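A.B. asks: Shown below is the structure under consideration.
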Amino acid sequence: EIRMIVRPAGFLDDPEHLSSPLHQVLTTGMRLRERLCVGEGVGRFAFLASLSQAGCTDYLAVPLPTRRATVHVLSIATRRPGGWDEGDLLAFEGLLPMFGMLVEVWECERLLEAVATDALTKIGNRRAFEASLRNAWSTCARAQTPISLVCFDIDHFKSFNDTYGHVAGDRCLARIASAAGACAQRTSDTLARLGGEEFALLRP
């Protein structure tokens, strides 16, 4: 059994990893191999100890630089008795360009999702809404099917903010977005915050 995990560079913000072998991988760009036999070194780091307790025998951490100048760490562990031989390690080396490319695709998807998501309510933002409206309008026009659009805002929200403060106002917006999300269960539905206390629900 082989387990592979790609960890973004930010995971090293955890204090445990600042002195760990993974920090060395990230900062030096060199791969790291750890034999996960019971002995000195494994117990010092929780992630290695947990792999050892799970029966893993060999661990490999490899840096995956991307064209965006960020570095991720590919972690590979195995339970095979005796661990890997040199042929296995050469095979992993040959697969690294593919993993690097997959990580770049993953990064791009994360960026696109972040650009289209309202940071406060975690639903779509105006950009996402406008894109969904264009696509839904074209699709429904071709198929001659109806489309529903609900636009709503929160009455007296400025007074609420002034009375209870912006932190409470933010919580209020997030709860309303969560409640409205119950009406947007289909994959074709789009719930978005247009700005301030204004929301829109698009239902082709």
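A.B. asks: Going by the structure shown, is residue 130 in contact with a Phe, Trp or Tyr (Cβ under 9 Å, 6 or more places away or on another chain) and open to solvent by 60 Å² or more (accessible area, probe 1.4 Å)? It would help to see each step written out before you state the result.
C.D. replies: Details: in contact with a Phe, Trp or Tyr (Cβ under 9 Å, 6 or more places away or on another chain): no; open to solvent by 60 Å² or more (accessible area, probe 1.4 Å): yes.
For residue 130, the condition - in contact with a Phe, Trp or Tyr (Cβ under 9 Å, 6 or more places away or on another chain) and open to solvent by 60 Å² or more (accessible area, probe 1.4 Å) - is not met.
A.B. asks: In this structure, does residue 162 turn out to be charged (D, E, K, R), in a loop (DSSP other than H, G, I, E, B) and modelled with pLDDT of 90 or more?
C.D. replies: Details: charged (D, E, K, R): yes; in a loop (DSSP other than H, G, I, E, B): no; modelled with pLDDT of 90 or more: yes.
Judged against the criteria, residue 162 is not a match.
A.B. asks: Ok, one more. Test each condition in (1) among the hydrophobic types (A, V, I, L, M, F, W, C); (2) outside any helix (DSSP H, G or I); (3) under 17 Å from residue 127 (Cβ atoms) for residue 177 and report the one that comes out false.
C.D. replies: Residue 177 satisfies all of (1) among the hydrophobic types (A, V, I, L, M, F, W, C); (2) outside any helix (DSSP H, G or I); (3) under 17 Å from residue 127 (Cβ atoms) except (2).
A.B. asks: Please enumerate the residues belonging to the range 176-190 that are over 14 Å from residue 119 (Cα atoms), hydrophobic (A, V, I, L, M, F, W, C) and modelled with pLDDT of 90 or more. Give the steps one after another, and end with the answer.
C.D. replies: First, the residues of the range 176-190 that are over 14 Å from residue 119 (Cα atoms): 176, 179-190.
Still in the running and hydrophobic (A, V, I, L, M, F, W, C): 176, 179-180, 182-184.
The answer is 176, 179, 180.
A.B. asks: For the range 3-12, state whether one or more residues are modelled with pLDDT of 65 or more and assigned to a loop (DSSP other than H, G, I, E, B).
C.D. replies: No - not one qualifying residue is present in the range 3-12.
A.B. asks: Of the residues in the range 146-175, how many are open to solvent by 50 Å² or more (accessible area, probe 1.4 Å) and either closer than 18 Å to residue 118 by Cβ or not β-branched (Val, Ile, Thr) (or both)?
C.D. replies: Qualifying residue count, the range 146-175: 19.
A.B. asks: Could you name every one of the helices (runs of 4 or more DSSP H) located completely within the range 41-154 that has at least 1 residues being at pLDDT below 80?
C.D. replies: 46-53, 86-115
A.B. asks: Mind checking which residues of the range 181-204 are closer than 21 Å to residue 166 by Cβ and surrounded by fewer than 14 Cβ atoms within 10 Å (Cβ to Cβ)?
C.D. replies: Hits for the range 181-204 are 195, 196.
The values are calculated or read from the model by the stated rules, or taken from the named source; none is laboratory data. If you're wondering where the values come from, they're calculated on a predicted model, not measured in any experiment. When we count neighbours, we look across all protein chains shown, and the Cβ atoms used for this are built from the backbone with ideal geometry, even at glycine. SASA here: full protein model, heavy atoms, side chains in, ligands and nucleic acids out. Shrake-Rupley method; radii C 1.70, N 1.55, O 1.52, S 1.80 Å.
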